[in-house]
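Q: Have a look at the structure that comes next, please.
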Amino acid sequence: MIYLKVLDRGRSVLRGVCRRCAGSSQAWTHSSGEASVVQAGRTLSQPPWRVLFFGSDDFAVESLKRLHESRGDGAVVDLLEVVTLSGSVPVQKYAKQHKLRIHDWPDVDFSGQFDVGVVVSFGCLLQERVINRLPYGILNVHPSLLPRWRGPAPILHTVLHGDKVTGVTVMQIRPKRFDVGPILSQELHPVPEKITAEELGSSLAVMGAQLLIDTLRNLPERIANRREQAKEGATFAPKISPSLSWIVWEEQTCEEIDRLHRAIGSRIPLRTIWMGRTIKLIDFVGRCQPSIGSHYTAVPGSVHYQKKSNTLLVCCKDGWVGFKTVKLKKNLSAADFYNGYLHQDVLKKQNSCQFQSYRERPSPVPIDKILSQ
């Protein structure tokens with residue numbers, strides 16, 4: 001009898017604790033991968049959510065824009081605040097323009113008591129204590145089909161390695177490592193031929209933003225059905241180094257040079273050496289067919305000016321590629337380079353009408369060796 005009285009009193013105490021928690025501004029529990037959020041006396045298991053957004057670049061702005069547009073009655077988002085890096089980054093500009101509250105990383109004020117976090121192109125590893133402050137954790141919009149191309153430059157490596165299919169992934173982040181958390185949603189996207197990294201990034205940004213909204217609409221269900229990433233097929237997408245822009249004419253094919261240009265050309269011009277000087281190769285036109293006599297013997301690096309198309313052709317491992325512009329101290333058209341430099345060398349019969357490879361260029365790492373860290 002004494003035992004039953006104590007047990008009954010214990011239940012009453014627990015009920016009191018629950019009532020006090022429900023009366024507070026917010027409390028939460030995690031159970032079997034699902035989160036139950038108690039706010040103002042009611043359990044939240046559906047939107048609208050109070051979202052804390054972490055981001056920096058233009059890719060992230062697309063998701064922030066969709067979250068901002070999803071605010072209001074019957075919408076996905078209730079409260080939206082932004083954590084971003086110092087400086088005039090695109091996310092900060094958007095947040096200021098639309099009068100969203102901004103937190104400068106790492107000084108985050110959690111008094112707003114958010115339900116879920118969203119990270120898109122943030123570049124900073126979030127501590128476990130930050131993740132645990134959010135009942136539904138922190139979601140990440142990543143522009144690849146994880147586990148392929150984990151890391152900071154998935155879009156560039158997708159183009160560089162000639163992938164035919166890519167996509168976007170919405171996952172829950174985990175502390176200490178990037179891009180290894182469980183997958184909540186994933187959508188495929190074919191990679192069009194000849195697309196640049198910038199063009200692909202724009203398409204994936206729109207797709208990722210929509211997939212994020214779809215995930216938030218059914219967040220508890222997506223969390224309950226999340227799946228761990230496969231161990232097979234994991235690859236790492238490191239930041240692109242300027243050293244990658246050096247062309248090795250003897251080793252690289254027309255297709256490889258084309259992919260390199262489409263991956264990094266708008267950020268880092270392709271480069272080569274001519275008479276001991278660095279030349280930047282601009283306005284790439286792809287594979288070309290030179291109109292030269294059969295007596296002409298070309299070796300990788302050989303340069304030929306094609307007057308009809310006003311193009312500078314360079315011989316590589318399996319053919320010729322063309323460029324409309326080169327840069328020494330200033331930009332020169334193919335005709336200007338030929339008339340001002342190359343033609344004089346030909347007349348003097350000097351053996352200098354050839355581009356040299358920069359031999360200190362790091363050897364490419366085989367794709368099967370670029371494993372996730």
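The values are calculated or read from the model by the stated rules, or taken from the named source; none is laboratory data. Since the model is a prediction, treat every value here as computed from it, not as a measurement. Quick reminder, even Gly has a Cβ in these numbers, built from the backbone with ideal geometry, and neighbours come from all protein chains shown.
Q: Does residue 162 satisfy the criteria of being surrounded by fewer than 24 Cβ atoms within 10 Å (Cβ to Cβ), assigned by TED's automatic domain parsing to the domain that holds residue 55 and either closer than 19 Å to residue 64 by Cα or touching a helix residue (DSSP H, G or I) at 6+ places or on another chain (Cβ under 8 Å) (or both)?
A: yes
Q: Examine region 43-52 for a residue that is touching a strand residue (DSSP E or B) at 6+ places or on another chain (Cβ under 7 Å) and closer than 26 Å to residue 197 by Cβ, and state whether such a residue exists.
A: Among the residues of region 43-52, not one is touching a strand residue (DSSP E or B) at 6+ places or on another chain (Cβ under 7 Å) and closer than 26 Å to residue 197 by Cβ, which makes the answer no.
Q: Would you check if there is a residue in region 153-162 being assigned to a loop (DSSP other than H, G, I, E, B), modelled with pLDDT of 95 or more and in contact with an Asp or Glu (Cβ under 9 Å, 6 or more places away or on another chain)?
A: Checking region 153-162: at least one residue is assigned to a loop (DSSP other than H, G, I, E, B), modelled with pLDDT of 95 or more and in contact with an Asp or Glu (Cβ under 9 Å, 6 or more places away or on another chain).
Q: Continuing with this model, one more query. Go through 83, 91, 77 for me and flag whichever is modelled with pLDDT of 95 or more, closer than 19 Å to residue 141 by Cα and touching a Pro at 6+ places or on another chain (Cβ under 7 Å).
A: After applying the criteria, what remains is 77.
Q: A further question on this structure: When you look at residue 77, is it surrounded by 21 or more Cβ atoms within 10 Å (Cβ to Cβ) and touching a Lys or Arg at 6+ places or on another chain (Cβ under 6 Å), yes or no?
A: For residue 77, the condition - surrounded by 21 or more Cβ atoms within 10 Å (Cβ to Cβ) and touching a Lys or Arg at 6+ places or on another chain (Cβ under 6 Å) - is met.
Q: Between 131, 195, 155, which is buried (at least 20 other Cβ atoms within 10 Å of the Cβ) and of a type outside the set (Phe, Trp, Tyr)?
A: 155 is the lone residue from the list that is buried (at least 20 other Cβ atoms within 10 Å of the Cβ) and of a type outside the set (Phe, Trp, Tyr).
Q: Looking at region 129-142, which of its residues are part of a helix (DSSP H, G or I) and either β-branched (Val, Ile, Thr) or closer than 17 Å to residue 81 by Cβ (or both)?
A: Of everything in region 129-142, those that are part of a helix (DSSP H, G or I) and either β-branched (Val, Ile, Thr) or closer than 17 Å to residue 81 by Cβ (or both) turn out to be 130, 131.
Q: Could you count how many residues in region 84-101 are in contact with a helix residue (DSSP H, G or I) (Cβ under 9 Å, 6 or more places away or on another chain), more than 19 Å from residue 205 (Cα to Cα) and either among the polar types (S, T, N, Q) or buried (at least 16 other Cβ atoms within 10 Å of the Cβ) (or both)?
A: Selection size over region 84-101: 3.
Q: So residue 145 ticks every box in (1) within 12 Å of the chain's Cα centre (by Cα); (2) not in a loop (DSSP other than H, G, I, E, B) but one. Which box is left unticked?
A: Just one mismatch for residue 145, condition (2).
Q: Condition test on residue 184, is it in contact with a strand residue (DSSP E or B) (Cβ under 9 Å, 6 or more places away or on another chain) and in a loop (DSSP other than H, G, I, E, B)?
A: Here the answer is no, as residue 184 does not meet what is asked.
Q: Looking at 317, 231, 308, which one is part of a loop (DSSP other than H, G, I, E, B), among the charged types (D, E, K, R) and more than 28 Å from residue 157 (Cβ to Cβ)?
A: 308
Q: Can we say residue 23 is assigned by TED's automatic domain parsing to the domain that holds residue 176, at pLDDT below 85 and surrounded by fewer than 15 Cβ atoms within 10 Å (Cβ to Cβ)?
A: no
Q: Quick check on this structure: which one of 155, 173 is touching a Ser or Thr at 6+ places or on another chain (Cβ under 9 Å) and either over 30 Å from residue 252 (Cβ atoms) or of a type in the set (A, V, I, L, M, F, W, C) (or both)?
A: It is 155.
Q: Filter region 102-122 for residues that are surrounded by 13 or more Cβ atoms within 10 Å (Cβ to Cβ) and part of a loop (DSSP other than H, G, I, E, B); which is farthest from the chain's Cα centre (by Cα)?
A: 113
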